[in-house]
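**Q** Can you read through this structure? Questions will come right after.
The numbers here are math on the coordinates, done by the rules we state, and not lab data. From a predicted model like this one, the values you see are computed outputs, not experimental measurements. Quick reminder, even Gly has a Cβ in these numbers, built from the backbone with ideal geometry, and neighbours come from all protein chains shown.
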Amino acid sequence: MSVFDDLITDVSKKGAAYVVLIDPDRNDEDSIQDRVQKANISGVDALFVGGSLMMDSKCVDRVRLIKSYSNIPVIFFPGGVGQLNPYYDAMLFMSVISGRNPHYLIGEQVISAPLVKDMDIETIPTGYLLIDGGAGSTVEFMSGTRPIPMDRVDVTVAHALAGQYLGMKLIYLEAGSGAKYPVSSSLIGAVNDMIDVPLVVGGGIKTPEVAAELVQSGASIIVTGTVIEDEVSRMKEFSNAIHWKE
Ligand code: 1GP
């Protein structure tokens with residue numbers, strides 16, 4: 001079974017899937033080991049690995065390390081083609097469809113496609129929508145795109161639907177790492193009412209209660225990063241809150 005099929009099975013069996021984001025930029029070897037081993041035993045369904053900006057050249061070594069400790073799928077969450085390496089089980093093959101920067105709509109994808117083929121990495125076509133989470137995210141700077149204001153339901157829904165019609169298997173609503181506020185329940189509900197593909201929601205999700213509320217509003221996959229960097233032991237609480245059918 002593919003990593004994507006596995007994730008979708010988790011969503012239907014458990015009510016939603018829980019993914020922990022590990023940014024290889026901000027982690028030393030000990031914290032990587034601790035985080036990945038805790039994820040293995042805390043009901044986390046997969047790891048996303050990636051970040052918008054790497055401040056050193058150790059990304060590949062850290063991904064290799066993450067893969068060596070992980071019992072769950074390690075999925076590349078691409079900040080750029082430079083982070084591509086053969087240690088991922090799959091990757092979100094993403095396009096920043098909320099923006100109008102051709103490099104992040106199709107440029108990076110063209111550069112990476114032959115390398116992905118050569119490395120034989122499973123690709124999961126993903127429409128990525130950057131929503132304004134109030135914190136001026138790194139993604140905004142790095143992608144050179146303007147986030148969609150949180151209250152522009154019409155604009156968000158139209159982008160998500162366009163992503164579905166273009167064949168995206170997932171639509172990702174991203175408030176940005178460290179967002180002041182996560183994507184709102186009402187926005188998730190409105191998008192979920194209009195599209196049939198699973199919704200991934202991340203950015204600024206700080207408590208299991210908020211995660212549970214976003215799932216009830218229509219999120220199929222919840223991603224947390226910062227909160228787990230601060231408190232690794234909370235993974236189990238998040239996983240219990242998100243997996244409401246279990
Ligand atoms: C993944 O950017 C998020 O979509 C992660 O955000 O670090 O705020 O959890 P946090």
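**Q** Can you give me the number of residues within the stretch 150-169 that are among the hydroxyl-bearing types (S, T, Y) and within 12 Å of D196 (Cβ to Cβ)?
**A** Counting residues in the stretch 150-169 that are among the hydroxyl-bearing types (S, T, Y) and within 12 Å of D196 (Cβ to Cβ) gives 1.
**Q** If you don't mind, there's one more thing I want to ask. Mind checking which pairs have a first residue in the stretch 163-179 that is in contact (Cβ under 8 Å) with a residue 12 or more places away in the chain and a second that is more than 13 Å from the ligand (Cβ to nearest atom) and aromatic (F, W, Y), Cβ under 7 Å, 6 or more apart or different chains?
**A** Between residues of the stretch 163-179 that are in contact (Cβ under 8 Å) with a residue 12 or more places away in the chain and residues that are more than 13 Å from the ligand (Cβ to nearest atom) and aromatic (F, W, Y), the close pairs are K169/F4.
**Q** Tally up the residues in the stretch 87-137 that are among the polar types (S, T, N, Q) and farther than 26 Å from I195 by Cβ, please.
**A** Selection size over the stretch 87-137: 0.
**Q** Identify, from the list K14, K67, K38, K58, the residue that is surrounded by fewer than 19 Cβ atoms within 10 Å (Cβ to Cβ) and farther than 25 Å from I222 by Cβ.
**A** Result: K58 is the single residue among K14, K67, K38, K58 that is surrounded by fewer than 19 Cβ atoms within 10 Å (Cβ to Cβ) and farther than 25 Å from I222 by Cβ.
Residues checked against (1) of a type in the set (A, V, I, L, M, F, W, C); (2) under 27 Å from L7 (Cα atoms); (3) surrounded by 15 or more Cβ atoms within 10 Å (Cβ to Cβ):
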position	(1), (2), (3)
Y128	no, yes, yes
G133	no, yes, yes
P149	no, no, no
V155	yes, no, no
L161	yes, yes, yes
Y172	no, yes, yes
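**Q** In addition: Of all the residues that make up the stretch 179-210, how many are within 10 Å of the ligand (Cβ to nearest atom) and buried (at least 21 other Cβ atoms within 10 Å of the Cβ)?
**A** Going through the stretch 179-210 one residue at a time, the tally reaches 9.
Let's see how each residue does on (1) in contact (Cβ under 8 Å) with a residue 60 or more places away in the chain; (2) closer than 28 Å to I66 by Cβ; (3) within 16 Å of the ligand (Cβ to nearest atom):
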position: R100; (1), (2), (3): no, no, no
position: A113; (1), (2), (3): no, yes, no
position: A135; (1), (2), (3): yes, yes, yes
position: E140; (1), (2), (3): no, yes, yes
position: R152; (1), (2), (3): no, no, no
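**Q** Moving on to the next point. If you go through the stretch 171-190 one residue at a time, how many are of a type in the set (A, V, I, L, M), farther than 18 Å from G51 by Cβ and in contact with a Gly (Cβ under 6 Å, 6 or more places away or on another chain)?
**A** So the answer is 2.
**Q** Filter the stretch 211-229 down to the residues that are touching a Gly at 6+ places or on another chain (Cβ under 8 Å), more than 7 Å from the ligand (Cβ to nearest atom) and not small (G, A, S) and list them by number.
**A** V215, I222 - these are the residues of the stretch 211-229 that are touching a Gly at 6+ places or on another chain (Cβ under 8 Å), more than 7 Å from the ligand (Cβ to nearest atom) and not small (G, A, S).
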